[in-house]
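These notes concern the structure reproduced below.
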Amino acid sequence: MPSSGYDSASLPDLLPLYYRRLFPFSQYHRWLNYGGVQKNYFQNREFSFTLKDDIYVRYQSFTTQTELEKEMQKMNPYKIDIGAIYSHRPNQHNTVKSGTFQALEKELVFDIDMTDYDDVRSCCSAADICSKCWTLMTIAIRILDRALREDFGFQHLMWVYSGRRGVHCWVCDEAARKLSVAARSAVAEYLSLVKGGEETVKKVVLTDPIHPLIRESLTVVERYFSGYALQEQDILGRKESVDKVLGLVPEDVRKELQKDFQNEKKPENRWKLIKDQASRKQSTAKKGQYFEKEIMLQYCYPRLDVNVSKGVNHLLKSPFSVHPKTGRISVPMDLKELDTFDPFAVPTISLICEELDRPRAGEEEEKQEDAKEMENEKDAAEKRKIRDYKRTSLAKYVKCFDQFLDGMARSWKGELLRKSDLQKEF
């Protein structure tokens with residue numbers, strides 16, 4: 001995966017600059033503090049840092065934004081993971097009586113990784129991605145975002161590019177954060193459709209009547225299927241991939257299609273032949289013959305790592321963490337621009353640090369302003385940091401984060417008002 005001039009050997013030099021001048025601490029704290037609606041919410045949150053040479057430091061916790069900043073600027077973590085809100089401060093977990101230190105709450109999270117699609121993409125494998133297979137992530141986000149909002153009623157969803165080969169979803173509604181392990185498992189299972197390991201040929205089996213989630217998902221897949229599966233992945237072109245598709249249809253249909261395919265080489269026309277066979281079967285069979293829909297879903301439906309979603313204490317990589325292999329920043333995604341999102345255009349740490357050093361108009365006036373503001377040092381530092389990231393390609397992603405937080409703040413306001421009203425009713 002090309003990363004516009006990023007060299008991982010430079011990471012130890014770039015991280016101090018990134019955490020000192022570019023990491024959006026103010027927004028980050030605003031997010032994880034959740035408006036201060038619940039006492040000790042930020043203080044009881046676990047952070048985990050991966051340092052140079054894979055040194056792994058768990059159960060970090062911080063009282064204030066300033067404390068978090070100082071520690072991150074001291075440790076310069078290669079990777080930041082976010083964990084649960086615990087019953088006690090995680091950094092004091094060793095002093096708590098055994099069995100009382102419990103994970104209480106966490107955002108409902110989803111992790112979609114391109115490696116889970118290796119059996120249905122021919123362009124890349126393992127950690128590699130390209131614009132051809134990235135469509136799978138677009139489809140996954142469209143399907144899951146709709147289901148979580150419409151089927152479950154969640155509102156505050158933040159989608160984040162992982163920095164390499166996948167996407168994460170943070171469902172931040174209060175109801176989602178309070179879900180039990182059993183409830184998280186139920187949501188994850190409801191959204192899971194592709195079942196079975198490498199040895200399972202047919203991973204999607206539909207029965208009558210088709211569930212509304214599947215119907216809704218199919219309308220999304222249909223929008224992308226021709227361009228993605230038939231053209232870019234060419235699933236009905238090469239013999240090897242044609243055999244794979246035909247392995248998902250009933251045997252009598254397979255024999256007919258093999259004959260038909262000898263005279264028809266165009267993938268679009270071959271797909272039409274499959275659909276015609278399915279229609280014919282559906283009109284004569286007693287029970288559902290949905291093999292054309294099963295093929296579409298097996299090739300395109302989101303593949304979740306269910307274990308990430310089930311656990312309350314499961315760690316997940318933090319937004320604005322740097323991916324050490326690619327140097328790319330893990331950034332929030334704007335769903336209004338989802339179809340044009342390009343993972344290769346996401347800035348690397350080397351790019352944004354370089355952008356900081358470029359001279360630009362108005363710099364002298366800013367320095368004079370800074371000198372005036374030195375009396376109030378903390379404000380000056382904060383203003384300077386805002387100016388710093390606005391000079392770089394990171395700006396639009398921080399803006400996207402800000403917009404997400406503004407939406408959440410409206411619900412915090414309502415919650416705080418409700419609480420103060422309750423207190424008045426004594």
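Annotations for the structure displayed:
- Residue in segment 151-161 that is of a type outside the set (Val, Ile, Thr), over 16 Å from residue 173 (Cβ atoms) and at pLDDT 95 or above present: yes
- Of the residues in segment 333-355, at least one is over 29 Å from residue 109 (Cβ atoms) and open to solvent by 50 Å² or more (accessible area, probe 1.4 Å).
- All helices (runs of 4 or more DSSP H) inside segment 177-268 with 3 or more residues being within 30 Å of residue 41 (Cβ to Cβ): 181-191
- Considering residues of segment 280-319 that are crowded, with 16+ Cβ neighbours inside 10 Å and small (Gly, Ala, Ser) only, the residue farthest from the chain's Cα centre (by Cα): 288
- Check on residue 181, outside the structural domain of residue 406 (by the TED database), of a type in the set (A, V, I, L, M) and at pLDDT 95 or above: no
- Which numbered condition residue 277 misses (of (1) of a type outside the set (A, V, I, L, M, F, W, C); (2) free of Cβ contacts under 8 Å to residues at least 60 places away in the same chain; (3) open to solvent by 30 Å² or more (accessible area, probe 1.4 Å)): (3)
The values are calculated or read from the model by the stated rules, or taken from the named source; none is laboratory data. All values reported here derive from a predicted model rather than from experimental measurement. When we count neighbours, we look across all protein chains shown, and the Cβ atoms used for this are built from the backbone with ideal geometry, even at glycine. For the accessible areas, the whole protein counts, side chains as well, though only heavy atoms, and no ligand, DNA or RNA atoms are used. Shrake-Rupley method; radii C 1.70, N 1.55, O 1.52, S 1.80 Å.
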